[in-house]
Amino acid sequence: MTVWSIAFSPLLPLWALAPLGVLALVASIMLVLRRAPGAWLRALAFALLFVGLCDPNLVHENRRPLKDIVAVVVDRSASQNIGERPRQTDLALNRLEAGLKALGDVDLRVVETSREESETEGTKLFAALREALADAPPERVGGAVMITDGVVHDIPGSPALGFNAPLHVLVTGHEGERQRRIELIEAPRYGIVGKDQVIAARVLDSADRGEPARLTVRHDGQTIANIEAGIGERIDIKVRIDHAGPNVIELEVSPVEGELATDSNRAVVNIDGVRDKLRVLLVSGKPHPGERMWRNLLKSDANVDLVHFTILRPPEKGGDGTPINELSLIAFPVADLFGPRIKDFDLIILDRYAQQSILPYVYLENIANYVREGGALLMAEGPEFSTAEGLFYSPLGAIAPAEPTGDDVEVPFRPSESQDGLRHPVTRGLAGLQAPGGPTWGRWFRLIGAKTTNGQTLMTGPDDKPLLVLSRVDKGRVGLLLSDQMWLWARNYDGGGPYLDLLRRLAHWLMKEPELEEEALRASAKGREITVERQSVSDRERETDLVSPAGTKTKLRLAPVAPGLSRAHVTVDQYGLYRAEDGEHVALVSVGPSNPLEMQDVVSTTEKLRPLAEATGGSVRRIAAGGAADAIAMPRVVSLYPAPSYGGSDYIGIKRTGSTELIGASSTSLATGFLGLAALLGAVIAAWLRESGRLARSGGKPS
């Protein structure tokens, strides 16, 4: 391809050349206006001189045509896997590639979006388009074509795409598709344990025909409400946060016939339960060295609101008129604390308390009822437990997990773990527990003789006598520590022991913290890897399945990792809510975003991309055709030179840019060579000859 052109290479800078040109022009105009003889020849001389200073060159270029760049962006997001869309997309891509290649001189660049990225960030076709044309000169771009369902989440606000060429959109799916979905309006991330949280949602239907919408609400897999929902109406759902840690709230609306997919019929809200304050009532009986340990331990935790009383006087002495300066303690408000306010406490600790007619039986009955209704009680006993005044012979004996035998032991011994204790999360893995030769914990010197009546013995003393016993009573829990010597560990006597870890775990187990359940199934996710963990104090194996969001079951093989603890790791290929179940326990885990943006609206549309495409001169059209479900009707692909519109009823146009590549070039000067000098001298000589002839005719007198 040969191209001829004229280029200028001025001999003087523009700031000097411009004034000279203006002066020459003014002088020429004045000569012409005065009708001066030879005015036109003088003007020609000035013009030739100016052109010579501009140095015009005749340029000969040898150019090679370049291919026009066309980008094809293929939407492979999760919503494009619905129904016939995958097949429609593949057919459209094959025919589009064939049509573009038939045009010739087209540099075709095909880029497909990632399904994984779309599930977390939505469909981003324009990011993929920019990636495909990152190294393409804008003037070479002849157009772009997108094959998508039209649900795109990175549509730019202006038609400035970085190139001046048409954008065409081929939309998969069918007209009149239907989807029912749940839209979350308000979804709290945190909640106070024991308090209600409100989740606000609405049910939307792209083609509502009046069918009933039944909304089911589940908390950790258990159905807690069924609500008749009006389409488009706000629904406020109260959920009680009943434990610390993840609370999985699942909302599911009943499907309707003809829906595209049921993924969007479900929404998941993860609410982390946090405790506002841990309210503890510590009631101490006979003063002893361990009393200060309990108080210091509980006061050191900023999250603990502690009420501590040491009872040394009967309550009926509270109003006997004794002068204040003769009282060592104020009157104990038993009627209030052990009456209407007893349910305000998360944990009650009785530290070496004996009856001694101080607390009436009715208050001890209140404590027993508090436990049966879901409360937590820790009994830290001393020698009083074996006497007639011991708590076992009070109303609390009905919920105590061990019965005193009277054979108290007062010899040095090192506490050790039982077989159940090795597997129980309260005592498993305590520091020094698995040391060679047995625990390296410091010695204690007193053990209250007792025999276990119910519950589990986690720690033992001499002759395997129970030392720490835990039990469940109806809805509540009881812990019994059969020694008052733990303060020796706090003082680091004989090397001490893990009293802080032990007591904190014990308190959390009593308050039903999920991570300390002795029989539990848990599931967690990191990326696409799910970890299923079973905690059990029994040796019985359970068949465990992992259920996908689509309902597919996968059998898991859990491998032991510690006594009472086994795990399995599974990598999944789909985001959503998974359920691990072993026939007794269920654990829920959400993989990926709880409510993926990609699946919130899956109804195909031509309207979202139409304004942008038409602003570039392109077009938007559906490709679904009648007949077979996956049949398509593809437009013809034609090439057009620059025009206002590149789309018609049955065709899409690709702009021919006319881009070329320079192979070689040569130039010839038109003014500074022999021809330019001859023309300039000829004009000057002609003007001189004309002036000389005029002077000769006038006798040498100038006019």
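The values are calculated or read from the model by the stated rules, or taken from the named source; none is laboratory data. Please read these numbers as outputs of a predicted model, since none were measured by experiment. Here Cβ is always computed from backbone atoms with ideal geometry, including for glycine, and neighbour counts include all displayed protein chains. Accessible surface is based on the protein model in full, side chains and every heavy atom, while ligands, DNA and RNA are left aside. Shrake-Rupley method; radii C 1.70, N 1.55, O 1.52, S 1.80 Å.
For (1) open to solvent by 30 Å² or more (accessible area, probe 1.4 Å); (2) within 30 Å of Gly618 (Cα to Cα); (3) assigned to a strand (DSSP E or B); (4) touching a strand residue (DSSP E or B) at 6+ places or on another chain (Cβ under 8 Å), each residue gets a yes or a no:
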site: Arg35; (1), (2), (3), (4): yes, no, no, no
site: Val59; (1), (2), (3), (4): no, no, yes, yes
site: Asn62; (1), (2), (3), (4): yes, no, yes, yes
site: Ala71; (1), (2), (3), (4): no, yes, yes, yes
site: Arg76; (1), (2), (3), (4): yes, yes, no, yes
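Does the stretch 411-421 contain at least one residue that is under 30 Å from Lys343 (Cα atoms), open to solvent by 10 Å² or more (accessible area, probe 1.4 Å), assigned to a loop (DSSP other than H, G, I, E, B) and small (Gly, Ala, Ser)?
Checked the stretch 411-421: no residue is under 30 Å from Lys343 (Cα atoms), open to solvent by 10 Å² or more (accessible area, probe 1.4 Å), assigned to a loop (DSSP other than H, G, I, E, B) and small (Gly, Ala, Ser).
Would the stretch 474-486 turn up any residue that is under 23 Å from Glu513 (Cβ atoms), surrounded by fewer than 18 Cβ atoms within 10 Å (Cβ to Cβ), without any contact (Cβ under 8 Å) to a residue 24 or more places away in the chain and within 43 Å of the chain's Cα centre (by Cα)? Full working, then the answer.
Our first condition is that a residue be under 23 Å from Glu513 (Cβ atoms); within the stretch 474-486, this holds for 474-481, 486.
Those still in the list that are surrounded by fewer than 18 Cβ atoms within 10 Å (Cβ to Cβ) too: 474-475.
Checking which are without any contact (Cβ under 8 Å) to a residue 24 or more places away in the chain leaves us with none.
Looking through the stretch 474-486, none of the residues is under 23 Å from Glu513 (Cβ atoms), surrounded by fewer than 18 Cβ atoms within 10 Å (Cβ to Cβ), without any contact (Cβ under 8 Å) to a residue 24 or more places away in the chain and within 43 Å of the chain's Cα centre (by Cα).
Val570 is checked against (1) open to solvent by less than 40 Å² (accessible area, probe 1.4 Å); (2) under 30 Å from Glu250 (Cα atoms); (3) assigned to a loop (DSSP other than H, G, I, E, B) and fails just one. What number does that condition carry?
(3)
Test Lys101 against the stated conditions and say whether it is surrounded by fewer than 16 Cβ atoms within 10 Å (Cβ to Cβ) and in contact (Cβ under 8 Å) with a residue 12 or more places away in the chain. Break it down stepwise before answering.
Numbers: surrounded by fewer than 16 Cβ atoms within 10 Å (Cβ to Cβ): yes; in contact (Cβ under 8 Å) with a residue 12 or more places away in the chain: no.
No; evaluated as a whole, the condition is false for this residue.
Pick from the stretch 143-161 the residues that are without any contact (Cβ under 8 Å) to a residue 60 or more places away in the chain and closer than 10 Å to Leu612 by Cα: which of them is least open to solvent (accessible area, probe 1.4 Å)? Give the steps one after another, and end with the answer.
Let us first name the residues in the stretch 143-161 that are without any contact (Cβ under 8 Å) to a residue 60 or more places away in the chain, namely 154, 157-158, 160.
Filter again for closer than 10 Å to Leu612 by Cα, leaving 157-158, 160.
On the way: Gly157: 93, Ser158: 56, Ala160: 82 Å².
Taking the candidates together, the pick is Ser158.
Open to solvent by 40 Å² or more (accessible area, probe 1.4 Å) and in a strand (DSSP E or B) - does that describe any residue in the stretch 166-180? I'd like the intermediate steps shown before the answer.
If we filter the stretch 166-180 for residues that are open to solvent by 40 Å² or more (accessible area, probe 1.4 Å), which is where we start, we get 174-176.
Subset that is in a strand (DSSP E or B): none.
No: the stretch 166-180 contains no residue that is open to solvent by 40 Å² or more (accessible area, probe 1.4 Å) and in a strand (DSSP E or B).
Among (1) part of a strand (DSSP E or B); (2) open to solvent by less than 60 Å² (accessible area, probe 1.4 Å); (3) under 30 Å from Glu584 (Cβ atoms), where does Leu204 come up short?
The one condition Leu204 does not meet is (3).
Any idea which residue in the stretch 508-531 is farthest from the chain's Cα centre (by Cα), counting only those that are small (Gly, Ala, Ser) and modelled with pLDDT of 90 or more?
From the stretch 508-531, those small (Gly, Ala, Ser) are 520, 523-525, 527; that's our starting set.
Now drop any that are not modelled with pLDDT of 90 or more, which leaves 520, 523-525.
Details: Ala520: 27, Ala523: 18, Ser524: 15, Ala525: 12 Å.
The residue in question is Ala520.
Here are Gly617, Gly653: which of them is more than 20 Å from the chain's Cα centre (by Cα), touching a residue at least 60 places away in the same chain (Cβ under 8 Å), on the phi > 0 side of the Ramachandran plot and open to solvent by less than 20 Å² (accessible area, probe 1.4 Å)?
One residue alone meets the criteria, Gly617.
In the list Ala43, Ala92, Ala16, which residue meets the criterion of being open to solvent by less than 50 Å² (accessible area, probe 1.4 Å), among the hydrophobic types (A, V, I, L, M, F, W, C), assigned to a helix (DSSP H, G or I) and touching a residue at least 24 places away in the same chain (Cβ under 8 Å)? Break it down stepwise before answering.
Details: Ala43 fails: touching a residue at least 24 places away in the same chain (Cβ under 8 Å); Ala16 fails: touching a residue at least 24 places away in the same chain (Cβ under 8 Å).
The unique qualifying residue is Ala92.
Checking Ala550 against (1) open to solvent by 60 Å² or more (accessible area, probe 1.4 Å); (2) modelled with pLDDT of 90 or more; (3) of a type in the set (A, V, I, L, M), which single condition isn't satisfied?
Exception for Ala550: condition (2).
Filter the stretch 276-309 for residues that are closer than 17 Å to Ile367 by Cα and in a strand (DSSP E or B) and give the result.
If we filter the stretch 276-309 for residues that are closer than 17 Å to Ile367 by Cα, which is where we start, we get 279-285, 307-309.
Matches in the stretch 276-309: Arg279, Val280, Leu281, Leu282, Val283, Ser284, Val307, His308, Phe309.
Restricting attention to the stretch 192-200, does a residue exist that is at pLDDT below 95 and at positive phi?
Looking for residues that are at pLDDT below 95 and at positive phi, one finds at least one in the stretch 192-200, hence yes.
Go through the stretch 360-410 and report how many residues are touching a Pro at 6+ places or on another chain (Cβ under 8 Å), more than 16 Å from Asn454 (Cα to Cα), open to solvent by 10 Å² or more (accessible area, probe 1.4 Å) and outside any loop (DSSP other than H, G, I, E, B).
4
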